[in-house]
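A.B. asks: Got a structure for you, written out below as structure tokens; questions coming shortly.
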Amino acid sequence: MSPKQTSGASGGGTSRFSGAFTPGRIAMIVVAVLTLVFIFENTREVKIRILIPEVSLPLYVALLATALLGAGLGFYAAARRRK
């Protein structure tokens, strides 16, 4: 075997995914999974009133839309903070 093949195989105890799973990322994955479980457990029809119109739709759609809106605003705020 060449030195390139043996050094990558041993890796000194680190894997190429060791930096990918930080505690913060694991926590976000857990929160995302719990959010999806909560959303898909609530499937009954609800009436939602936004200002004037009243809309009837499944609760999971409203929860998913709210979660996506919150995530988008969070990413936007984080991007503005980095500048």
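A.B. asks: Using packing as a proxy for protection, rank 31-39, 67-75, 49-57 so that the peptide with the highest average count of other Cβ atoms within 10 Å comes first.
C.D. replies: 31-39, 67-75, 49-57
A.B. asks: Quick one: which residues, 5 or more positions from V46 or on another chain, have an amide H under 5 Å from its amide H? H modelled 1.01 Å from N in the peptide plane, none for Pro or chain starts.
C.D. replies: When sequence neighbours closer than 5 places are left aside, the close amide H contacts are L57, L59.
A.B. asks: A follow-up question, please. Could you give the nm distance between label points at T66 and T43, where each point is 7 Å from its Cα heading toward the beta carbon?
C.D. replies: It is 2.0 nm.
A.B. asks: What nm distance separates the two modelled labels at I29 and V55, each placed 7 Å from Cα along Cα→Cβ?
C.D. replies: Result for the modelled spin labels: 3.3 nm.
A.B. asks: Let me ask something else. Averaged across orientations, what area in nm² does the convex hull of the alpha carbons in the range 20-82 project?
C.D. replies: Numbers: hull surface 23.1 nm².
For the range 20-82, the mean projected area of the Cα convex hull comes to 5.8 nm².
Every read-out reported here was derived from the displayed coordinates using simple, explicitly stated rules and does not represent laboratory data. Treat the numbers as computed from the prediction; the structure is a model and nothing was measured. We place every Cβ from the backbone using ideal geometry, glycine too, and count neighbours over all the protein chains shown.
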